[in-house]
Amino acid sequence: MKIIFLFLLIFFVYEIIGFAIPQPKVINSSKESLVYIYDVDSSYFSKLLFSDSNYDLPFNCINDGNNKTCTAIIDDQIAKKLHGSVSSCMVSSGAELCGIPLNPRDYPNPIIVDNFKPSTKGGQVKMKGYYLAIGILNLNIFPNIQVPIIGNPTGVGSGGGGGGKQQTIDATNLILDYNGGCGQRTLIWPNRFYYYFNHSNPIIDSISIDHSSLAVVGSNFCNSSNNIIISIDGIQMDKSGIISIDHQLFKVNYHQLYCKSIYVSIISGGLQSNIFKFDFKPLPLKINSVPKSRGGLITITGERLSSQVKNSIITVNIGEYVCKNVLSIQNVITCKIDPIPASNFNFTGLQVNISINGIINDNKLLFSFENK
């Protein structure tokens, strides 16, 4: 409200003294130029003055029929300097007057070069483009969330330790201090330019079993169960099964009695993750021993030692030896191992490997023959 009052006051003051505030009909901003188009006989801006970067942007104006077109040449080095406080030089009735604050309605529209897709967790994020920081120290997210520009947009020392000028920002590569969020949001510039963005897509990096739950590690998961949809094997989970969620980890209740592969995905803030394959591997925990000279029946107990798939292929290898005639009933596997030839001395500390439809245990369970 104060800003609006200030520009109204300026407008009336300069009308009284005979200076008409420029009223551009069209403002075209691009990477190569900034163009203001006016009625041919109206007042116009001859320069924009960026006091924070100590840079003046001049316009070259030509009359073309009923229009006056004023063009400022832009390149990357110039664009870096277009930030912070901005005033103008204006020409009215042949006279020029400088130092007039530029009305936000006359700011050029920002150009965002790359998609702005910050992490849901937030932190320092980069926004690339042109005309991003004219007249502002912070970006604003609707309705009223400030996103500070990291660095020194004004270029002025903050006092202490010598003061004076400090390194200013690069207005084409803003570093923002973003607090994070979830879902689609809207950035608003002072000239009422709106930019809609969403966050980076969620990514699942790894899954582990945590007792009777799954712990899923990755990024951009949001931090509220209200904003996510978790699916296992294409079936959406009830939200009551979500134990906890943060931007980089979520846990869900999920217990699997059988050896199988599952496929996990998450939709976070409307964005789909990768589909992550996770194997519930057989978990042999205990095995009996038999004499090496006679062999015999082996019984293995543990978890997920069977499959719901009909005609499953289950193999048991004990070190270099194959255990034959495999039978599986949920958490028990039995098989028969042959005697070891007397010439073979490799009969202790043998790793037990179980494969169920190509899914192999990765825990360590060792077997040793009885030495008789």
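Mind checking whether some residue in the range 247-260 is β-branched (V, I, T), open to solvent by less than 30 Å² (accessible area, probe 1.4 Å) and under 30 Å from K117 (Cα atoms)? Yes, that holds for at least one residue. For the range 309-364, filtering for residues that are over 18 Å from G295 (Cβ atoms) and hydroxyl-bearing (S, T, Y) leaves 3.
Return yes or no: is I3 in contact with a helix residue (DSSP H, G or I) (Cβ under 8 Å, 6 or more places away or on another chain), open to solvent by 40 Å² or more (accessible area, probe 1.4 Å) and modelled with pLDDT under 95? For I3, the condition - in contact with a helix residue (DSSP H, G or I) (Cβ under 8 Å, 6 or more places away or on another chain), open to solvent by 40 Å² or more (accessible area, probe 1.4 Å) and modelled with pLDDT under 95 - is met. Among the strands (runs of 3 or more DSSP E) confined to the range 25-105, the ones with at least 3 residues that are closer than 24 Å to R192 by Cα and at pLDDT 95 or above are located at 26-29, 33-39, 44-50, 67-73, 86-92. Between K128, K117, the distinction of being in a strand (DSSP E or B) and basic (K, R) belongs to K128 only. Taken over the range 345-372, the residue count meeting the criterion of being open to solvent by less than 70 Å² (accessible area, probe 1.4 Å) and assigned to a strand (DSSP E or B) is 10.
Pairs meeting the criteria (first residue in the range 323-345 and touching a residue at least 12 places away in the same chain (Cβ under 8 Å) and closer than 22 Å to L283 by Cβ, second residue of a type in the set (A, V, I, L, M) and part of a loop (DSSP other than H, G, I, E, B), beta carbons under 7 Å, at least 6 apart or on different chains) are S328/L305; Q330/L257; Q330/L305; N331/L305; V332/L305; I333/L305; I337/V290.
If you go through the range 316-336 and keep only what is surrounded by 15 or more Cβ atoms within 10 Å (Cβ to Cβ) and within 11 Å of I300 (Cβ to Cβ), you end up with V316, I318, C323, V326, S328, N331, I333, T334, C335. If you go through the range 103-123 and keep only what is under 14 Å from the mean Cα position of the chain (by Cα) and not aromatic (F, W, Y), you end up with D114, N115, K117, P118, S119, T120, K121, G122, G123.
The values are calculated or read from the model by the stated rules, or taken from the named source; none is laboratory data. Please read these numbers as outputs of a predicted model, since none were measured by experiment. For neighbour counting, all protein chains shown are included, and Cβ atoms are generated from backbone atoms with ideal geometry for every residue, glycine included. Ligands, DNA and RNA are excluded from the accessible area calculation, which covers all protein heavy atoms including side chains. Shrake-Rupley method; radii C 1.70, N 1.55, O 1.52, S 1.80 Å.
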